[in-house]
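Since the structure comes first, as structure tokens, the remarks are kept for the end.
The values are calculated or read from the model by the stated rules, or taken from the named source; none is laboratory data. Remember, it's a predicted structure, so these values are computed and weren't measured experimentally. Cβ atoms come from the backbone with ideal geometry, glycine included; neighbour counts cover every protein chain shown. Ligands, DNA and RNA are stripped out before the accessible areas are found, and what is left, the full protein with its side chains, is counted by its heavy atoms. Shrake-Rupley method; radii C 1.70, N 1.55, O 1.52, S 1.80 Å.
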Amino acid sequence: MPLNQDDNKKDTLANTAFISEKIKQRPINRKKLLRRTIITISLAVVFGVVACFTFLLLQPVFTDTLYPEKEPEKVSFPAESASDELTPEEMYADDNEIAATEAQYLEATQKDQIDQAIASYTFGSEDYSKMMSSLKGVATEGSRSIVKITAISSDTNWFSPSFESSGTASGLIVADSGSNLLVLAFYEALKDAETIGITFCDNAKAEAQVNLVDTITDLCILSIKKSDLSAETREKILVATLGSSNSNSIAGLPVIAIGSPVGVQGSIAYGIVTSEKTTLDLPDSTYKLITTDIYGSKQGSGVLINLLGQVVGIIDMDKEPVDLSNNICAIGITELKALMEDLSNSKSRAYLGVHGTTVPQEIQTLQNVPSGAYITMAELGSPAMKAGIQSGDIITAIGDMDITSYEQLTNKLAQLSPDDVISITVMRQAVSDYIEMNLEATLTESTHD
């Protein structure tokens with residue numbers, strides 16, 4: 001009996017021996033753990049990058065869908081009429097006011113007494129001060145439409161680190177399209193700019209984008225988002241009022257140069273118009289040059305305004321005649337209005353490439369020359385030259401439309417579009433008479449983004 005108990009005890013100890021054995025953990029595979037960690041981190045980075053790019057790509061779509069931006073309103077400049085033309089008397093008062101004033105004077109006193117009073121009146125310093133103060137008030141009000149344009153670009157060379165260079169010029173606020181302000185400026189100073197900065201009359205700043213550029217005049221329209229401007233700035237600035245440079249005659253009338261006529265932003269100069277009838281020798285156009293007796297700078301820019309604060313010319317010192325030394329010159333605003341409208345509405349202009357003039361009536365009668373647009377030159381490589389138009393040709397028709405003047409030709413071209421194929425009827429002088437020729441031209445663009 002004791003033997004059996006010993007045997008049972010041994011069996012029990014044998015059966016429970018495993019309980020007291022030490023349990024060992026499975027060895028860690030460090031290489032496998034490192035690999036999984038790297039894979040997890042890599043997938044997280046890839047996911048983050050994909051999510052970031054997806055957000056950047058879809059964010060404009062969601063923004064446009066949830067908060068659609070209004071389409072810019074079409075810009076138009078009303079055509080001038082005879083009533084828009086200013087006479088010297090209208091520069092100071094309305095005709096009705098003049099008539100009423102004269103009647104009051106005649107009722108109050110005799111005409112000879114008035115003459116005596118005028119003859120004996122002495123123009124003093126106080127009167128001069130009032131007059132200049134009044135002129136400055138007109139200039140200050142007009143300057144609300146002027147902006148300072150700064151073209152900023154980064155330059156790099158082998159001997160110095162990268163640095164920013166900038167150039168400045170004056171621009172004119174010509175329109176408000178609802179969502180954007182549109183500024184007229186010359187493109188030459190902006191063509192290499194990486195960023196275009198705009199400074200308004202209250203020194204507020206914003207960035208602008210080039211809308212469209214005209215290669216013939218070098219004028220362009222800059223677009224500025226109104227949402228980038230504060231309410232205070234939007235109240236202080238002013239869209240320019242455009243006058244007329246095509247009155248019966250503005251020669252001899254006073255004008256004010258504002259912007260930077262002497263090369264300094266905010267400068268003001270006073271003078272008179274000395275001429276306004278010279279046609280600029282530019283292709284497909286009849287732009288007029290206004291000259292003044294105002295001494296300015298070769299780097300001058302800005303506008304000419306009349307005594308009503310209306311813009312009559314865009315200062316362009318590159319068009320200055322060689323015999324006028326630093327006298328302020330400008331392109332007349334009347335002929336520019338159609339171009340400004342097209343540039344503001346991003347409408348590409350057609351280009352034929354001809355210089356010309358209207359055949360005078362007396363030449364038609366005395367020398368038996370056909371009426372039409374007399375071509376003085378065709379631009380090298382232009383659609384006109386490729387079509388076979390030569391100097392001395394007289395264009396008498398474009399398609400079914402008769403052409404009796406160079407102005408009619410330029411107006412017709414303004415109605416056409418790039419890539420239009422047009423038929424041109426020309427009269428070319430032969431040995432004894434003019435012969436009719438029918439040519440075909442494919443128009444190209446005179447504007448670019």
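Kindly check whether there is at least one residue in the stretch 282-298 that is hydrophobic (A, V, I, L, M, F, W, C) and closer than 30 Å to residue 402 by Cα.
Yes, there is a match, as at least one residue in the stretch 282-298 is hydrophobic (A, V, I, L, M, F, W, C) and closer than 30 Å to residue 402 by Cα.
Can we say residue 215 is hydroxyl-bearing (Ser, Thr, Tyr) and more than 27 Å from residue 348 (Cβ to Cβ)?
Here the answer is no, as residue 215 does not meet what is asked.
Would you check which residues across the stretch 255-283 are over 23 Å from residue 241 (Cβ atoms) and touching a Gly at 6+ places or on another chain (Cβ under 7 Å) and list them?
Scanning the stretch 255-283 gives 262, 263, 283.
May I ask you to verify whether residue 225 is open to solvent by 10 Å² or more (accessible area, probe 1.4 Å), out of contact with any Phe, Trp or Tyr (no Cβ under 6 Å at 6 or more places or on another chain), of a type in the set (Lys, Arg) and touching a residue at least 40 places away in the same chain (Cβ under 8 Å)?
When the stated conditions are applied, residue 225 passes them.
Of everything in the stretch 189-204, what is surrounded by fewer than 17 Cβ atoms within 10 Å (Cβ to Cβ) and more than 25 Å from residue 241 (Cα to Cα)? Give them in sequence order.
Correct list: 191, 192, 194, 195.
In the stretch 309-338, how many residues are open to solvent by less than 20 Å² (accessible area, probe 1.4 Å) and assigned to a helix (DSSP H, G or I)?
3
Looking at the stretch 258-271, can you tell me whether even one residue there is open to solvent by 10 Å² or more (accessible area, probe 1.4 Å), under 18 Å from the mean Cα position of the chain (by Cα) and either at pLDDT below 95 or under 28 Å from residue 150 (Cβ atoms) (or both)?
Scanning the stretch 258-271, I find no residue that is open to solvent by 10 Å² or more (accessible area, probe 1.4 Å), under 18 Å from the mean Cα position of the chain (by Cα) and either at pLDDT below 95 or under 28 Å from residue 150 (Cβ atoms) (or both), so the answer is no.
Could you list, in sequence order, the residues of the stretch 417-441 that are surrounded by fewer than 13 Cβ atoms within 10 Å (Cβ to Cβ) and farther than 18 Å from residue 370 by Cα?
The answer is 417, 419, 421, 440.
I'd like to check something: does the stretch 338-359 contain any residue that is in contact (Cβ under 8 Å) with a residue 24 or more places away in the chain, closer than 30 Å to residue 225 by Cα, out of contact with any Leu (no Cβ under 8 Å at 6 or more places or on another chain) and of a type in the set (S, T, N, Q)?
yes
Just give me the residues in the stretch 122-135 being farther than 12 Å from residue 307 by Cβ and either in a helix (DSSP H, G or I) or open to solvent by 100 Å² or more (accessible area, probe 1.4 Å) (or both), in sequence order.
Those that are farther than 12 Å from residue 307 by Cβ and either in a helix (DSSP H, G or I) or open to solvent by 100 Å² or more (accessible area, probe 1.4 Å) (or both): 122, 123, 125, 126, 127, 128, 129, 130, 132, 133.
Considering only the stretch 272-298, how many residues are crowded, with 20+ Cβ neighbours inside 10 Å and among the acidic types (Asp, Glu)?
Final tally of qualifying residues: 2.
Of all residues in the stretch 206-222, which are among the small types (Gly, Ala, Ser) and open to solvent by 10 Å² or more (accessible area, probe 1.4 Å)?
If the condition is that a residue be among the small types (Gly, Ala, Ser) and open to solvent by 10 Å² or more (accessible area, probe 1.4 Å), then 206 is the only one that fits.
Residue under question is residue 423, and the condition is that it be part of a loop (DSSP other than H, G, I, E, B) and more than 24 Å from residue 343 (Cα to Cα); does it hold?
no
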